[in-house]
Amino acid sequence: MPKVQKDLVNKVHTLAEHVKQDLRKKGVVVPTKQKDGSIHFDDYIMLKEKDGYHIYKKKTHVVGPVNLPQTAIVIANGLALGKL
């Protein structure tokens, strides 16, 4: 990769990390969607199963079933922030 491109990629990566930290300070953890359909909030994983949405931490069931995805997202976000 040329030096100019490498510098640009590094600057964008640094900017993205600053944005994530600013959002965390405001109370929002940036979720990441995985190829298997799960959504990660730091150590917490939100999965859709037959009976609703479930939240896990390191393969340990934490919360669920939750029938609304919005509620499951708010709960997973609060858990990732350490507020719940």
Go through (1) open to solvent by 70 Å² or more (accessible area, probe 1.4 Å); (2) in a loop (DSSP other than H, G, I, E, B); (3) touching a residue at least 40 places away in the same chain (Cβ under 8 Å) for G27 and report which single condition fails. (1)
For the structure I just gave you, tell me whether D36 is part of a loop (DSSP other than H, G, I, E, B), open to solvent by 70 Å² or more (accessible area, probe 1.4 Å), without any contact (Cβ under 8 Å) to a residue 24 or more places away in the chain and not basic (K, R). yes
Within segment 40-76, which residues are closer than 16 Å to G27 by Cα and touching a Phe, Trp or Tyr at 6+ places or on another chain (Cβ under 6 Å)? A72, A76
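The values are calculated or read from the model by the stated rules, or taken from the named source; none is laboratory data. Remember, it's a predicted structure, so these values are computed and weren't measured experimentally. Cβ atoms come from the backbone with ideal geometry, glycine included; neighbour counts cover every protein chain shown. Areas reflect the complete protein model, heavy atoms only, side chains present, ligands, DNA and RNA absent. Shrake-Rupley method; radii C 1.70, N 1.55, O 1.52, S 1.80 Å.
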